[in-house]
1. So which residues in segment 285-327 are part of a helix (DSSP H, G or I) and of a type in the set (Gly, Ala, Ser)?
2. Hey, can you tell me all the residues within segment 130-150 that are at pLDDT below 90 and either assigned to a loop (DSSP other than H, G, I, E, B) or not assigned by TED's automatic domain parsing to the domain that holds Gln180 (or both)?
3. Checking the conditions here, which among Leu301, Leu367 is over 22 Å from Ala250 (Cα atoms) and either buried (at least 16 other Cβ atoms within 10 Å of the Cβ) or under 29 Å from the mean Cα position of the chain (by Cα) (or both)?
4. Quick one: in segment 52-79, of everything that is part of a helix (DSSP H, G or I) and among the charged types (D, E, K, R), which residue is farthest from Val155 (Cα to Cα)?
5. Among the numbered criteria (1) surrounded by 15 or more Cβ atoms within 10 Å (Cβ to Cβ); (2) at pLDDT below 95, which single criterion is violated by Ile186?
6. Under the condition of being out of contact with any strand residue (DSSP E or B) (no Cβ under 7 Å at 6 or more places or on another chain) and over 24 Å from Ala324 (Cβ atoms), which residue from segment 254-278 is surrounded by the fewest Cβ atoms within 10 Å (Cβ to Cβ)?
7. Could you tell me whether segment 260-272 includes any residue that is touching a residue at least 60 places away in the same chain (Cβ under 8 Å), in a helix (DSSP H, G or I) and within 30 Å of Ala48 (Cα to Cα)?
8. Name the residue, out of Gly45, Gly68, that is in contact (Cβ under 8 Å) with a residue 60 or more places away in the chain, closer than 16 Å to Phe184 by Cα and surrounded by 13 or more Cβ atoms within 10 Å (Cβ to Cβ).
Amino acid sequence: MTDSIYFAPLLPWQKTLWTQLTARVLTPVQSLPHALLAAGMQGLGKRAFVWRLVAWLLCREREQHPLGACGSCDSCQWLKSGTHPSLQVLPNVSMPISAASSHSQEALKSANKKTKADSKFSKAADKAALTIKVDDIRALQPFIYQGGQGMRICVLDHAEQMTIAAANALLKTLEEPQAQVHLFLISDTPAKLLPTIKSRVQQLPLQSINTSTALDYVTHTLGSTVNREVVSPTQIEQLLQLANGAPLAAIDLAQAVWYSKRVLWLTTWQALRSGKRSATAASDYWQAQLSIGEFIQLTELMLLDIRRINLGLSSSQKDVDLTAALQNYQPSDSLLESLVSNLQQTRMALQQNVQEKFAYDKLMQQLAQL
């Protein structure tokens, strides 16, 4: 557990929005919307923005600290101890390290590493932990409607994980705004939210990031090396392209163990296809290198570029010579689509406690047929 996300420096591409929102709070004739939605793909820093704004709104000295919570008043101390009486968060696992950013997501995974005996249960358990049920929403009602208690804030992280009943229960709160009560919804996949929910919240414009700002931030954050390897400007541009322009996702990608094994994946695939290596031997080797989830991420990225080349487009990865590897043989679209579908099915099977070794063996057999 860490409280640093409440008081972290403001991300450069969020400065304009921060100034606009805080000015509304500090201006008597304006006010903050009752319900706000921070939505978009992972890596934009939407959770970092929300938690920072929550801390500032609750800060007793915010008028003297327009750029962020003071960090020392009673309210800030309560946040640091995780006992703030004016803040409620759903689901419970989102306080606040798991809700901060993609970096914090990785920190949570590291902090909660399970043994191999437990790993097959982890994904299903994690998904269940993120689900927001109708009883969770009902439990918020006394907090929301207690009245006369100053500003109160509710944060619903992974809002798309609300059950239908939970979403319908939340509608009443959204339709009957209470003075001094603010709701923040956070979602990586807002398309899964009910239209009735989205129509009653105001979305924060967090998705527009200037390219040069993103490049500068990723370059500064990564420094000149990642995992002791030099990172060039061209590689940083590639990272941002692969991350769809999301700076935090680009940084996570650069630091991911599987990203450094793309050439090795290509070598394995060619060896499997030519019969120079057996699927069993390849499976045994890769099990010692990456978890099955990481291998699936790696495979999806490689297949995406193979499909690009099949369509006559250039490869997104300039540091892996896929074009040369595909000169004499290009897998058919039907084979590629079949493998992509099997990767998705494997993900689902892992949630049903299928053993990683079995999943790895099957994937290697499919790669050999690609």
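1. Pass one, segment 285-327, residues part of a helix (DSSP H, G or I): 285-287, 292-310, 322-325.
Correct list: Gly293, Ala324, Ala325.
2. Those that are at pLDDT below 90 and either assigned to a loop (DSSP other than H, G, I, E, B) or not assigned by TED's automatic domain parsing to the domain that holds Gln180 (or both): Thr131, Gln146, Gly147, Gly148, Gln149, Gly150.
3. Working: Leu301 fails: over 22 Å from Ala250 (Cα atoms).
After ruling out the rest, the residue left standing is Leu367.
4. Taking segment 52-79 as the starting set, the residues that turn out to be part of a helix (DSSP H, G or I) are 52-58, 62-64, 74-79.
Now drop any that are not among the charged types (D, E, K, R), which leaves 52, 62-63, 74.
On the way: Arg52: 12, Arg62: 20, Glu63: 23, Asp74: 20 Å.
So the residue we want is Glu63.
5. Tallying (1) surrounded by 15 or more Cβ atoms within 10 Å (Cβ to Cβ); (2) at pLDDT below 95, Ile186 fails exactly one: (2).
6. Let us first name the residues in segment 254-278 that are out of contact with any strand residue (DSSP E or B) (no Cβ under 7 Å at 6 or more places or on another chain), namely 256-278.
Going one step further and asking which of them are over 24 Å from Ala324 (Cβ atoms), we end up with 256-257, 278.
Values: Ala256: 17, Val257: 12, Ser278: 14.
Here the residue is Val257.
7. Taking segment 260-272 and keeping what is touching a residue at least 60 places away in the same chain (Cβ under 8 Å), we get 268-269, 272.
Filter once more, so that each one left must be in a helix (DSSP H, G or I): 268-269, 272.
Then keep just the ones that are within 30 Å of Ala48 (Cα to Cα); that gives none.
For segment 260-272, residues touching a residue at least 60 places away in the same chain (Cβ under 8 Å), in a helix (DSSP H, G or I) and within 30 Å of Ala48 (Cα to Cα): absent.
8. On the way: Gly68 fails: closer than 16 Å to Phe184 by Cα.
The unique qualifying residue is Gly45.
The values are calculated or read from the model by the stated rules, or taken from the named source; none is laboratory data. Bear in mind the structure is a predicted one, so any value in this text is a computation, not a measurement. Neighbour counts are summed over all protein chains in view; Cβ atoms, including those assigned to glycine, are modelled from backbone coordinates with ideal geometry.
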